[in-house]
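The values are calculated or read from the model by the stated rules, or taken from the named source; none is laboratory data. These numbers were taken from a predicted model, which means no experiment stands behind them. Methodologically, a virtual Cβ is constructed for each residue, glycine included, from the backbone with ideal geometry; neighbour enumeration extends over all protein chains shown. Areas reflect the complete protein model, heavy atoms only, side chains present, ligands, DNA and RNA absent. Shrake-Rupley method; radii C 1.70, N 1.55, O 1.52, S 1.80 Å.
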Amino acid sequence: MRLLPTQRRWVDQVCEYLIDGETVIVRGVPGSGKTVLLEAVARELGETSVCTWGRDYTDDNQQERTTAFQEGVRKALDRHGAAHLLFDDYPHALRNTHGLRLQRQLLQLLVDGEQAVDTGALLTGRWGRSMHLVSSGSPLVARARVVALPVAREADFAEVGCAGSADALEAVGGNAALLGKVVPVLGRAALHQVRDTAEALAPKWIQDVPWEAASWIKRVVRGGPAALPADDSAIEALAPLLVPAGERRDGTPRYGVVRALHADAARATLDGRAPTWPATWQASVKTFCGFLSGVPEAVWVDRYMAAKPAQLLRFVGAVRAVCRTPLRLLIAKNPNDTALTAADVAAFARERCQVRIMHPGDRKQLHDRQLIFLGDLEGGVVLPTARVLMSQDPPGSAVAVRAPTLDRKLILDAWGRARPPAV
């Protein structure tokens, strides 16, 4: 795929950062050119580049793939005195069971290792997936340089034959990757394929951007151009989707959004997008208690919530300080979990909280994380992971969704088959 002038300058700048041994983080919505730019950086750097693709990582092959890029980096260092790791869709790999191990291996390679100063890295990912798992020590992302994706400029529109075209601007906004797909037909720039691509991507954009950005898009789609939101991350995420729309009386620029975000599919997704789970401990506890308000009793189902009982007990204690709704915790027994002790079970009981280990035969059907209401209330809430609720992992685009038709009988039958922890 061809690169436009703004993209070429971006590639040159990122290569300079990597040659200096920096770690660069790039985030963007689907279809904004992250992979294309990473491949262009790889071509520019040549034999010092080592590429790995996060979407290819699974629980079964993570160690194999990690070993492969570590070996590639070692060989590049031996042969050239420098190496550049290019990790496409890094957050996708982090989602695996051993994502924390991968994060620590990268921290050792890029920050703490003997040859870290000669090793640069480019990590790409979507907005809706976390670039960091909470753990002890300084996070890798804190040592990295965040670089925004290139935004299409006048020279880019001119290169594809769309100089001054309002139709082209409304079709692609600032998305240089989408603009690069414009092709001439009978001497004129054809936009229909780009429009179709944008309409197909628009619902994914809405799901991926931070909540502040999605809320702003909804206001613009309903009420017309507006000044940008105050949140910096929201502005960066919105950049490929914006269309300049003049200024307010006070001189503040106003923006609309690309035409695809006004289509029916995008509007339906906007209406269905819920606020993301809060990132702070206090707000998380408050939100969880809000779902329990007026509920006589509830079952919280999450196979991995008790991996570290002390942290779960702290969260339950914080909830109990606000809300007295009795809780039943239905968990699974996992190989790497810290075992529950008799003291842990007693501590949970003092918080009006029962704990049971689900039957192995129920594990597969209870993969969803749920809060099931008991008593006269119907349904419950589909929740983010317990690690997000306990502020161990950043929420990203994680949401909690009320679901009036959750299968209470399924959960109560599973609770009946479950057993108290063996202590």
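If you check each cysteine of the chain for another cysteine whose beta-carbon is under 4.7 Å away, which ones come up empty?
Lacking a cysteine Cβ partner under 4.7 Å: CYS15, CYS51, CYS162, CYS353.
Extending each Cα 7 Å along its Cβ direction at ALA68 and GLU47, get the distance between those two points in nm, one decimal.
About 2.2 nm separates the two model spin labels.
What would the Debye equation give as log₁₀ I(q)/I(0) for segment 106-177 at q = 0.15, 0.22 Å⁻¹, counting only Cα atoms as equal point scatterers?
Listed by q, the Debye log ratios stand at -0.68, -0.97.
Taking 0.36 nm per residue of separation and subtracting the Cα-Cα distance, what length does fully extending VAL185 through ARG324 add?
Roughly 43.3 nm would be gained on extension.
Taking the Cα centre of segment 347-402 as origin, work out the dipole magnitude from +1 charges on Lys and Arg Cβ and -1 charges on Asp and Glu Cβ, in debye rounded to 20. Walk me through the intermediate numbers first.
Numbers: 8 positive and 6 negative charges, 41 e Å.
So the dipole magnitude of segment 347-402 works out to roughly 200 debye.
Taking all protein chains together and a probe of 1.4 Å, list THR252, THR6 from the most accessible to the least accessible.
Sorted descending by solvent-accessible area, the residues read THR252, THR6.
State the answer as a single residue: which of LEU377, PRO394, ALA349 lies farthest towards the positive end of the charge dipole of segment 346-405, with beta carbon charges of +1 for Lys and Arg and -1 for Asp and Glu, about the Cα centre.
Toward the positive end, the furthest listed residue is ALA349.
Using a 1.4 Å probe on the protein heavy atoms only, what accessible surface does HIS359 show? Give it in Å² to the nearest 10.
So the heavy atoms of HIS359 present about 90 Å² to solvent.
Can you give me the long-range amide H partners of VAL146? Hydrogens built in the peptide plane at 1.01 Å from N, cutoff under 5 Å, separation of 5 or more residues or another chain.
Residues meeting the criterion, in which the H sits 1.01 Å from N, are ILE25.
Would you mind telling me which residue in GLY128, GLY246, GLY21 has the biggest mean-square fluctuation in a Gaussian network model of the chain, where springs connect alpha carbons within a distance under 10 angstrom?
Evaluated over the chain, the most mobile residue of the options is GLY246.
Rank THR97, THR287 by accessible area, highest first, at a 1.4 Å probe radius?
Reading off the accessible areas and sorting them downward yields THR97, THR287.
Rounded to the nearest 0.05, what FRET efficiency do ALA268 and TYR304 have when you use their Cβ-Cβ distance and R0 = 25 Å?
Values: r = 32 Å, r/R0 = 1.29.
Efficiency at R0 = 25 Å is approximately 0.20.
What's the FRET efficiency of LYS218 with HIS192 using the Cβ-Cβ distance as r and R₀ = 22 Å, to the nearest 0.05?
Rounded to the nearest 0.05, the efficiency is 0.25.
Measure nothing fancy, just the Cα-based angle from helix 5-19's long axis to the longest principal axis of the chain, in degrees from 0 to 90, nearest 10.
60 degrees
Magnitude of the Cβ-charge dipole of segment 233-287, K/R +1 and D/E -1, about the Cα centre, nearest 20 debye?
100 debye
Suppose each label sits 7 Å from its Cα in the direction of the beta carbon; what would the ASP250-THR97 distance come out to in nanometres?
Modelled inter-label distance: 5.5 nm.
Can you give the convex hull volume per residue for the Cα atoms of segment 263-388, as a whole number of Å³?
Residue-normalised Cα hull volume stands at 140 Å³.
At a probe size of 1.4 Å, how large is the accessible area of TRP53, to the nearest 10 Å²?
80 Å²
Any idea what angle helix 281-292 forms with the longest principal axis of the chain, computed on alpha-carbon atoms, 0 to 90 degrees, nearest 10?
Taking Cα atoms only, the helix is inclined about 60 degrees.
With a point put 7 Å past each Cα toward its Cβ, work out how far THR287 is from ASP56 in nm, to one decimal.
Between THR287 and ASP56, the simple spin-label model gives 3.5 nm.
Give a residue-ordered list of calculated ³J(HN,Hα) values for segment 39-49 (Karplus: 6.51 cos²θ - 1.76 cosθ + 1.60, θ = phi - 60°; whole Hz; x for Gly, Pro).
Coupling constants for segment 39-49: 5, 5, 4, 4, 5, 5, 7, x, 6, 7, 8 Hz.
May I ask you to give the average projected area over all directions of the convex hull of the Cα atoms of segment 195-268, in nm² rounded to one decimal? Walk me through the intermediate numbers first.
Values: hull surface 18.8 nm².
If I average the Cα hull's projected area over directions, I get 4.7 nm².
Would you work out what percent of the accessible area of segment 165-307, with all protein chains in place, is carbon or sulfur (probe 1.4 Å)?
52 percent
With a Cα-only, solvent-free Debye model of segment 109-268, what are the log10 I(q)/I(0) values at q = 0.09, 0.13, 0.20 Å⁻¹?
Computed log10 I(q)/I(0) values: -0.38, -0.72, -1.27.
Find how much the distance from GLN13 to ARG352 grows on full extension, using 0.36 nm per residue of separation minus their present alpha carbon separation; answer in nm with one decimal.
Value of the extension gain: 116.3 nm.
Which order do ASP156, ASP232 take when ranked by solvent-accessible area (1.4 Å probe, heavy atoms of all protein chains), largest first?
ASP232, ASP156
Once the whole set of protein chains is in place, how much accessible area is left on MET358, using a 1.4 Å probe, in Å² to the nearest 10?
Only protein atoms counted, so the area is about 10 Å².
I'd like the FRET efficiency for GLU297 and ALA422, computed as 1/(1 + (r/R0)^6) with the beta carbon distance as r and R0 of 35 Å, rounded to 0.05. Write out the running numbers ahead of the final one.
Values: r = 25 Å, r/R0 = 0.71.
Once the sixth-power term is evaluated, E becomes 0.90.
Which of rounded, prolate or oblate describes segment 12-68 when judged by the alpha-carbon gyration tensor and an a/c cut-off of 1.5?
oblate
Once every Cα of segment 375-423 carries one equal point scatterer and solvent is ignored, give the base-10 log of I(q)/I(0) from the Debye formula at q = 0.31 Å⁻¹, two decimals.
-1.03
Please list the non-local residues whose amide H lies under 5 Å from the amide H of ASN175, H modeled 1.01 Å from N, same-chain partners needing a gap of 5 or more.
Here ALA152 satisfy the definition.
Let me know the shape class of segment 24-124, please: from the alpha-carbon gyration tensor, a ≥ b ≥ c as square roots of the eigenvalues, rounded when a/c is under 1.5, otherwise prolate if a/b is greater than b/c, or oblate.
Note, shape of segment 24-124 comes out oblate.
Loop-only check: which trypsin sites (Lys or Arg not before Pro) in segment 174-276 are DSSP coil with at most 10 other Cβ within 10 angstrom?
When the trypsin sites (Lys or Arg not before Pro) of segment 174-276 are filtered for loop state and at most 10 Cβ neighbours within 10 Å, ARG249 remain.
Please enumerate, by chain and number, the lysines with C-alpha under 18 Å from the C-alpha of LYS364, excluding those fewer than 8 residues away in the same chain.
Within reach: LYS333, LYS409.
What Kirkwood radius, in Å to one decimal, follows from the Cα pairs of the chain?
Averaging 1/r across every pair of different Cα atoms and inverting gives 24.0 Å.
Quick one: 3J(HN,Hα) in Hz for segment 250-258, Karplus 6.51/-1.76/1.60 with θ = phi - 60°, rounded, Gly and Pro as x.
7, x, 6, x, 10, 9, x, 10, 4
Taking the Cα centre of the chain as origin, sum charge times position over the Cβ atoms of Lys and Arg (+1) and Asp and Glu (-1), and report the length of that vector in debye to the nearest 20.
Roughly 1380 debye, rounded to the nearest 20.
Pull up all non-local amide H partners of CYS51: gap of 5 or more, or a different chain, and H-to-H distance under 5 Å with H placed in the peptide plane.
Correct list: LEU86.
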